[in-house]
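Some notes on the structure that comes next.
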């Protein structure tokens, strides 16, 4: 049986999340005063580490291949825009 779980993330590189194996990441968005990532998961599956990076628009330290794009979100009324990738 599958369900949708959410996970707290923060801006920055080299983040690790413990998700059930085979989790399908759906999106990431600002929710209230935090940034959340939602994933379709099998709650009975064993956990594994997944690596994410969050880059600000205009970031100069972004690698040529940042990984698989997940989502873009805005904070502070759109004053700051970030982009979430699962590391390659």
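The values are calculated or read from the model by the stated rules, or taken from the named source; none is laboratory data. This structure is a prediction, so every number in the text was calculated from the model and none was measured. We place every Cβ from the backbone using ideal geometry, glycine too, and count neighbours over all the protein chains shown.
If the condition is being without any contact (Cβ under 8 Å) to a residue 24 or more places away in the chain and under 13 Å from the mean Cα position of the chain (by Cα), then region 32-67 contributes 66, 67.
Return yes when residue 65 is modelled with pLDDT under 95 and part of a strand (DSSP E or B) and no when it is not.
Values: modelled with pLDDT under 95: yes; part of a strand (DSSP E or B): no.
Taking the combined requirement at face value, the residue does not satisfy it.
Residue 25 fulfils the conditions (1) surrounded by 13 or more Cβ atoms within 10 Å (Cβ to Cβ); (2) more than 9 Å from the chain's Cα centre (by Cα); (3) closer than 19 Å to residue 87 by Cβ; (4) modelled with pLDDT of 95 or more except for a single criterion, (2). Scanning region 69-77 turns up one or more residues that are in a strand (DSSP E or B), loosely packed, with under 12 Cβ neighbours inside 10 Å and at pLDDT 95 or above.
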